[in-house]
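Peer 1: Got a structure here, written out as structure tokens. Questions coming.
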């Protein structure tokens, strides 16, 4: 089994990229989806997050992720406490995902904070999904509608240029999804063939 991490910066197209891989039939894992499930009402981390963030609990008991994000980018100590709580839980689920698909040729895991968490050693390859800075900021402004929050969020993570330097492969999310899909089909077909058969 070849374990491939998919990472990048906020709003660089990781989720769309992972969806293409899933559409192609490969097992996929999303750290963001796991976190959403962990902190949702009834989730394993929900009560602890409620204790840490009483100011982010809505009338139905759901957590306001926007308020938590704002606190994350403003308070390093809070971010560290939250990561110490959530990262081990996400890692356990990631390892269980690997175990469940141990007989599969390729598995893909979207890990936004791969380098920041030091998890690159868990994978055989790291693929970064990138776009230019203006495109990234435009996507984030559309998503968050808060220029200050956008800048603070970008400042909390390793720069995209540094992630690209540390990646095995880089893909542009500014290409049409059908183009990316075709590129991935061709690449994975080549990766499947023995070295002696590759051009």
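Peer 1: Between the stretch 1-23 and the stretch 129-168, what is the C-alpha centre distance in whole Å?
Peer 2: Each part reduced to its Cα centre gives a spacing of 16 Å.
Peer 1: Also: I'd like the orientation of helix 133-144 relative to the chain: the angle between its Cα long axis and the longest Cα principal axis, in ° from 0 to 90, rounded to 10.
Peer 2: 40
Peer 1: Hey, can you rank 70-82, 6-18 by average C-beta count inside 10 Å, highest first? Display every interim value, and only then the final one.
Peer 2: Values: 70-82: 14.4, 6-18: 23.0.
Peptide ranking by packing, descending: 6-18, 70-82.
Peer 1: Give me the angle, in degrees from 0 to 90, between the Cα long axis of helix 65-74 and the longest principal axis of the Cα atoms of the chain, rounded to the nearest 10.
Peer 2: Relative to the chain, helix 65-74 is tipped by roughly 90 degrees.
Peer 1: A further question on this structure: Just 182, 36, 139 to compare: in a GNM of the chain, with alpha carbon springs under 10 Å, which one fluctuates most?
Peer 2: 182
Peer 1: If you fit an axis through the alpha-carbon atoms of helix 76-100 and take the longest principal axis of the Cα set of the chain, what angle between them do you get, 0 to 90°, nearest 10?
Peer 2: 40
Peer 1: Taking the simple approach of a point 7 Å from Cα along Cα-to-Cβ for both residue 102 and residue 40, what is their distance in nm?
Peer 2: Here the answer is 2.9 nm between the modelled labels.
Peer 1: Now a separate question. Could you give me the radius of gyration and the Dmax of the chain, taking only the C-alpha atoms into account and expressing both in angstrom?
Peer 2: 17.8, 62
Peer 1: Write down the percent of antiparallel bridges among all DSSP beta bridges whose residues are both part of the chain, to the nearest 5. Don't jump to the answer; show the numbers that get you there.
Peer 2: Working: 1 of 18 bridges.
DSSP beta bridges in the chain are roughly 5 percent antiparallel.
Peer 1: Sort out for me the Cα centre separation of the stretch 70-108 from the stretch 27-48, rounded to whole Å.
Peer 2: 10
Peer 1: Using 0.36 nm times the number of residues separating residue 162 and residue 142, minus their current alpha carbon distance, what extension gain do you get?
Peer 2: In short, 4.7 nm is gained.
Every number here is computed from the coordinates shown, using simple stated rules; none is lab data. Keep in mind that this is a model prediction, so the values were computed, not measured. Methodologically, a virtual Cβ is constructed for each residue, glycine included, from the backbone with ideal geometry; neighbour enumeration extends over all protein chains shown.
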